[in-house]
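The values are calculated or read from the model by the stated rules, or taken from the named source; none is laboratory data. These figures come from a predicted structure and were not determined experimentally. Please note: Cβ atoms are built from the backbone with ideal geometry, for glycine as well, and neighbour counts cover all protein chains shown. Please note that ligands, DNA and RNA were not included when accessible areas were found on the heavy atoms of the full protein model with its side chains. Shrake-Rupley method; radii C 1.70, N 1.55, O 1.52, S 1.80 Å.
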Amino acid sequence: MTFDLKRRAAAEFMGTGALVCAVVGSGIMAERLTADTALALLANALATAAILVVLITTLGPISGAHFNPAVTAVFTSRGKLPGTEALAYVGAQAAGAVVGVAAAHLMVALPMFTPSLTPRLGFAQWLAEIAATFGLVAAILGGLRFRPDAVPWLVGLYIAAAYWFTSSTSFANPAVTLGRMLTNTFSGIRPMDAPAFIVAA
């Protein structure tokens with residue numbers, strides 16, 4: 001079944017919003033429930049991986065479940081998505097990321113937006129973002145070629161692993177980075193540090 005651009009963009013909006021809500025919300029809950037940073041990161045990683053499996057499985061048939069401008073750029077460069085439609089996808093992803101942060105904050109009685117004060121910078125973290133995004137794209141393309149039915153799990157498992165093997169904790173997504181600028185909580189990134197992460201992705 002083929003869906004029109006409006007419905008596909010709506011799926012990208014909802015999916016990216018839910019993803020960012022899960023990333024930020026699980027980070028807030030982890031931070032409130034434990035003082036152990038490693039345990040908080042594990043909780044954050046597991047929640048992110050789980051929501052990715054759900055979102056890709058349910059929304060993938062509608063929009064392809066990109067939820068990530070970097071993924072959209074790859075599909076556009078491969079001729080799978082026209083440039084004008086790619087712009088609609090990226091706009092929907094960015095808007096969804098902002099709404100996702102607001103939803104996560106409001107559910108725990110925080111202001112809708114609180115710019116992050118968490119520094120994330122330096123060559124090691126930028127290199128980690130490049131590696132994380134490369135690995136994510138490779139997992140998606142390899143899965144689509146050899147095991148399309150496994151893509152939701154491949155992406156979820158890859159991101160869960162990349163939280164731990166990259167020094168940046170694997171943002172690997174410019175839209176998610178945009179959202180994480182707006183939360184001064186566990187998963188945040190200072191606005192001044194975000195452009196380098198976006199370029200690296």
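General observations
- Solvent-accessible surface (1.4 angstrom probe) belonging to K80, in square angstrom, nearest 10: 140
- Note on surface exposure: F123, F165 rank F123, F165 by accessible area, highest first, 1.4 Å probe.
- Taking the convex hull of Cα positions in the range 1-91, its mean projected area over all directions (nm²): 6.2
- Solution diffusion estimate, µm²/s, Stokes-Einstein, the range 88-201, Kirkwood Rh from C-alpha pairs, 25 °C, viscosity 0.890 mPa s: 166
- Here the accessible area of the range 85-173 is 79 percent carbon and sulfur, with a 1.4 angstrom probe and all protein chains present.
- Remark: C-alpha extents of the chain on the principal axes read 46, 31, 29 Å, sorted largest to smallest.
- The ellipsoid equivalent to the alpha-carbon distribution of the range 107-155 has semi-axes of 31, 20, 6 angstrom, derived from the gyration tensor eigenvalues as √(5λ) and listed largest first.
- Ordering of 168-178, 151-161 by packing is 168-178, 151-161, highest average first (other Cβ atoms within 10 Å, averaged per residue).
- In the context of the full set of protein chains, the range 1-110 has a per residue accessible area of 46 Å² (1.4 Å probe).
- Heavy-atom accessible area, probed at 1.4 angstrom with all protein chains present, ranks E12, E31, E85 as E31, E85, E12, highest first.
- Inter-part distance where the range 70-90 and the range 149-194 are each reduced to a Cα centre, Å: 21
- Largest to smallest accessible area among D193, D149, D4 [probe 1.4 Å]: D149, D4, D193
- The local environment of G25, defined by Cβ-Cβ distances under 14 Å, has a net charge of +1 under the rule Lys, Arg +1 and Asp, Glu -1.
- Length released on extending from K80 to A109, taking residue separation times 0.36 nm less the Cα-Cα span: 6.3 nm
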